[in-house]
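Have a look at the structure below before the remarks.
The values are calculated or read from the model by the stated rules, or taken from the named source; none is laboratory data. These numbers were taken from a predicted model, which means no experiment stands behind them. Here Cβ is always computed from backbone atoms with ideal geometry, including for glycine, and neighbour counts include all displayed protein chains. Just the protein is used for accessible areas: all its heavy atoms, side chains included, with ligands, DNA and RNA removed. Shrake-Rupley method; radii C 1.70, N 1.55, O 1.52, S 1.80 Å.
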Amino acid sequence: MTPTTRRAPRQLPRRRLLGAGALAAVGFALPWPSVRGLAPTGDARAVAVRYEPELGHNIATLSVTASGGHHLVDFLGHYFHTGGLRRAGLAISEPIVEDGVLCQYFQRGVLESELTGDGVVIRWRDLWTVLGDGEGAAAVAAIPGESALTNPHAGRAVGPYGHVVSNQAVDGTLTGFLDLYDAVGGEPSLGAPLTAARLETGDGRTPLVPGLASDFVRQYFEAGVMEVHPQSPGAASLALVGDLTRDTAYANYSWTFLQSFDARPPLATGRRLRLERTERPAGLIQSGSPIAPPGFELSVFARTQRLGFPAVLRFAPDNQLFVGLSNDLVVTMSDSTGDGRADVVRTFASGDGVKDVRGLAFEGEHVYVSVEEKIIRLRDASGSGAADESADIVTGLELDTRVPFHRNNGIAIGPDGLLYMTLGSTTNAGEINERPLSASILRSRLDGTGLEKFASGLRNPFGLAFSPDGELFCTDNGPDSRVRRNDDPPDELNHVIQGADYGHARFWGTPPPDSGTRGPVANLPAHGAAAGLTFFTGPQAGEFDGNVLIAMWGPSGVRSSFAHNILRARLRREGDSYTAQLRPFVSSLTRPTDVVVGPHGDLYIADHVGRAIFRLRRRGLAPSVLR
C-alpha cells in the first residue's frame, strides 16, 4: 500500500469499501473486452511527465520498444487533450503492462494503448463502457426503468440525463447524497447523475452492476456511485468509477499486491521506467474453500459449530492444543488416533470468567488468558482436565465503548520471563486523547506486578509473537474511515522495540524520516484486520523457515484476495530492524484469526466465522498423534 501514510487531509473521497455486501464486496467478474494491446518488450523511457502529488502518481509520455519497433505512448497528451482532471480524475496507478496491454488507471477509468496499422492509439475504458456494451455512461442512463424514474423531492437538477441530486431518495429515504455531492466537488468531481436515488431491489428492474446486494439505496453518477442503507439514513458512502473499474479487473482486491498502485516519487524526464507486468486474475475467491500452498495439504482438524467461534490457538508445554473461543470458552483438543481430526475435546474453562478470549500463554502449570479488560491466570490443580483455580493478574485494561474492538488482545511470555500484552487505543484516528496505557504494548511480571508501557503509538495491536531469536513482533490494525480510499492507512507488521513510538495517532504506515516514530516491517493491506501471527519453524518449514505467518481476518462485509488468508512475510535484516516481502500462503478462508505451529511441525489455523480449525502439513508425511 502507500509507502508514506499520514492522517488524511480533507479532500475528495476516492474510494469507499461500501458496507456489508455492497459494491466493493462483490468482486464481480465482467466480460472485459480485449484489444491488440501494445506490449513493451523492455523498460520504458519517460519523454514528458506530469506528477500528481495528491495520490503520488506520474502521468507520462513514454518511449517503448514493442513488436520490433520503437513507439511513443502519449498517455500525458491524451489525458490533457480529452479533458484532463475533469474527464479522467487523478491517476491511481503508474503505467502497467496488464495482459500484454500497456495501460494506466485513473479515478474515472483506464487508458489503454493499442498498436494499429496507423501507429499507437490510446483508448479510454471504464466500468460504464463495459456495462453499456461499449457505449459508456449514456447507455447506462438509458436503461429502461432508470431513465423513466424521477425523484419528486427537492434537489438540484444536474446534467443531460434528467435526474436530480437530492438528500432524499425516490421513496423518501434520507440519503444525504446532495450534501456529499457538494462536499466532494459536485459536477466537476462526480459528473452528472445517471439515475435517480432509488432502492435496488434485486428483482431486475435496476440491472446496472451484476451481483450487488439488494436493499441499498444507490444513485449512479458519471464518475461514481453513492450508497446508503435505509437502516442508516444519511450515512452516505461513495465509490469512484475508476476504483470500481480496477476492482472489476482485479477481482477481490488482488491489485493490492501490485507495486504500480502504490504511491511513487516524481519520475524525471528521460529516466528509464521499469514496467510492472501482470495478468488479471481469473475467477473469484470462494469463501470457506481454503486453498493450500503447493506441496502442502489442508484438512479440517475440528469443526466448532457446537462449541462456537475459535479466536486463538496455543500448544501447552505437554503438547495439548488449547483453543480460546470468543463466546466465553477455553477447550483442549487432541487427536488420539493420528487420523488428523480432533477426537477428544474437553472444556477447560467457560462462562463470564473467560469472557471473549483473545490470547493464551503458558508458564509451567499456569495458563494465562487475555479476556475482556484483564489478564487472568488459570490452573488445573486437581489434574481433572479443567481449570479449578483462577486469579486476576492484570486488571483495569478498560475498553472504550466507542471503539469496542480496541482492547487487550494477544499475550506472550518473553524469553526474559515477563508477560507481554497488547492494548488498543481509545480512538479511531486521534479524535480524543488516549488513556495512559492505551495504544501500546504492555509488560509485567508473571504475577501482574511491575506493569509498564513497553512500546507506544499502536492503534489496535492484536497478535504478539517472539521470533526464534527472541525479538518481539506484533500486528496492528490501521484506522477505519467512513469514506475509504486507495491510499488509506495500512495495517502493519511491527518489530517491537522497547521505548519505540509507532506513530498513532499522527502517522500510520511508513512515517516521514523526521517524524521521531518507528515504521513497520511491512505495510499490510488497509482494513485487512491483521490478527494472530506466528513464526514458521520446525521440521516442515523448509524453504519458509523463519517466515512470519499472519492471519488476516478481513475488512467487514468485504471479500478480498489479501484478506481472509494467511499471509507469509519473509524478513530481511535492515539496520536495527527488518523489511519484509509479503505473499499469500493459505487463501480463501472465511475469517481466520490465528495460526500456530504444532509439535510435529503442522500448522493449525483458527477460522473464526467459519467455525473450524484447519491443519496444514507437507504432503506425503506419515500420520502423527496429537495428545
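If you filter the range 49-91 down to residues that are free of Cβ contacts under 8 Å to residues at least 12 places away in the same chain and within 19 Å of residue 275 (Cβ to Cβ), you find that the one that is least open to solvent (accessible area, probe 1.4 Å) is 69. Candidates in the range 179-194 are the residues that are among the acidic types (Asp, Glu) and touching a residue at least 24 places away in the same chain (Cβ under 8 Å); of these, the one that is surrounded by the most Cβ atoms within 10 Å (Cβ to Cβ) is 187. Could you say whether any residue in the range 428-443 is over 24 Å from the mean Cα position of the chain (by Cα) and open to solvent by less than 40 Å² (accessible area, probe 1.4 Å)? Checked the range 428-443: at least one residue is over 24 Å from the mean Cα position of the chain (by Cα) and open to solvent by less than 40 Å² (accessible area, probe 1.4 Å).
When you scan the range 497-519, do you find a residue that is assigned to a loop (DSSP other than H, G, I, E, B) and touching a helix residue (DSSP H, G or I) at 6+ places or on another chain (Cβ under 8 Å), even just one? For the range 497-519, residues assigned to a loop (DSSP other than H, G, I, E, B) and touching a helix residue (DSSP H, G or I) at 6+ places or on another chain (Cβ under 8 Å): absent. Scanning the range 380-404 for residues that are open to solvent by 60 Å² or more (accessible area, probe 1.4 Å) and either of a type in the set (Ser, Thr, Tyr) or closer than 23 Å to residue 332 by Cα (or both) returns 382, 383, 384, 388, 389, 390, 392, 395, 401. Tell me, please, whether a residue that is modelled with pLDDT of 90 or more and farther than 25 Å from residue 460 by Cα can be found in the range 581-599. Yes. Screening 392, 488 for residues that are of a type in the set (D, E, K, R) and within 30 Å of residue 345 (Cβ to Cβ) leaves exactly one candidate, 392. The residue of the range 564-603 that is nearest to residue 409 (Cα to Cα), among those that are open to solvent by 20 Å² or more (accessible area, probe 1.4 Å) and of a type in the set (Asp, Glu), is 576. Picking from residues in the range 397-432 that are within 12 Å of residue 458 (Cα to Cα) and among the hydroxyl-bearing types (Ser, Thr, Tyr), the one that is modelled with the highest pLDDT is 422. Residues that are among the small types (Gly, Ala, Ser), open to solvent by 10 Å² or more (accessible area, probe 1.4 Å), modelled with pLDDT under 95 and within 21 Å of residue 420 (Cα to Cα) within the range 488-528 comprise just one, 519. Can you pull out the residues in the range 160-178 that are open to solvent by less than 50 Å² (accessible area, probe 1.4 Å) and not aromatic (Phe, Trp, Tyr)? Of everything in the range 160-178, those that are open to solvent by less than 50 Å² (accessible area, probe 1.4 Å) and not aromatic (Phe, Trp, Tyr) turn out to be 163, 164, 165, 166, 167, 169, 170, 172, 173, 175, 176, 178. For the range 285-334, the candidate set comprises residues that are open to solvent by less than 30 Å² (accessible area, probe 1.4 Å) and without any contact (Cβ under 8 Å) to a residue 60 or more places away in the chain; within that set, the residue that is nearest to residue 366 (Cα to Cα) is 316. Taking the conditions exactly as written (open to solvent by 60 Å² or more (accessible area, probe 1.4 Å), farther than 23 Å from residue 534 by Cβ and not in a strand (DSSP E or B)), does residue 415 satisfy them or not? No: the conditions fail for residue 415.
Take the conditions (1) modelled with pLDDT under 80; (2) open to solvent by less than 20 Å² (accessible area, probe 1.4 Å); residue 142 misses just one of them, which is (2).
In a residue-by-residue description of the range 343-350, the property of being under 22 Å from residue 593 (Cα atoms) and in contact (Cβ under 8 Å) with a residue 60 or more places away in the chain applies to no position.
For the range 219-237, the set of residues classified as open to solvent by 10 Å² or more (accessible area, probe 1.4 Å) and among the charged types (D, E, K, R) consists of 222 only.
Among the residues of the range 97-123, those that are free of Cβ contacts under 8 Å to residues at least 60 places away in the same chain and either part of a strand (DSSP E or B) or among the hydroxyl-bearing types (Ser, Thr, Tyr) (or both) comprise 104, 111, 119, 121, 122. Would it be correct to say that residue 537 is over 27 Å from residue 503 (Cα atoms), in a loop (DSSP other than H, G, I, E, B), modelled with pLDDT of 95 or more and not aromatic (Phe, Trp, Tyr)? For residue 537, the condition - over 27 Å from residue 503 (Cα atoms), in a loop (DSSP other than H, G, I, E, B), modelled with pLDDT of 95 or more and not aromatic (Phe, Trp, Tyr) - is met. Here residue 449 does not fit the description of being modelled with pLDDT of 95 or more and touching a Phe, Trp or Tyr at 6+ places or on another chain (Cβ under 7 Å).
If you go through the range 568-615 and pick out every residue that is within 15 Å of residue 292 (Cα to Cα), among the acidic types (Asp, Glu) and over 18 Å from the mean Cα position of the chain (by Cα), you end up with 1.
The set of residues in the range 238-262 that are of a type outside the set (Phe, Trp, Tyr) and either modelled with pLDDT of 85 or more or open to solvent by 60 Å² or more (accessible area, probe 1.4 Å) (or both) comprises 259, 260. Remark: pairs (first residue in the range 439-463, free of Cβ contacts under 8 Å to residues at least 40 places away in the same chain; second residue part of a loop (DSSP other than H, G, I, E, B) and surrounded by fewer than 24 Cβ atoms within 10 Å (Cβ to Cβ); Cβ separation under 7 Å; 6+ apart in sequence or on different chains) = 443/418; 445/418; 453/437.
Report whether or not residue 363 is out of contact with any Lys or Arg (no Cβ under 6 Å at 6 or more places or on another chain) and in contact (Cβ under 8 Å) with a residue 24 or more places away in the chain. Answer is yes for this residue.
In the range 310-365, the residue that is modelled with the highest pLDDT out of those that are part of a strand (DSSP E or B) and of a type in the set (Asp, Glu) is 363.
Any residue at all in the range 385-408 that's in contact with a Pro (Cβ under 6 Å, 6 or more places away or on another chain) and in a strand (DSSP E or B)? No, the range 385-408 has no match at all. Scanning the range 603-627 for residues that are of a type outside the set (A, V, I, L, M, F, W, C) and not in a loop (DSSP other than H, G, I, E, B) yields 604, 607, 615, 617, 618.
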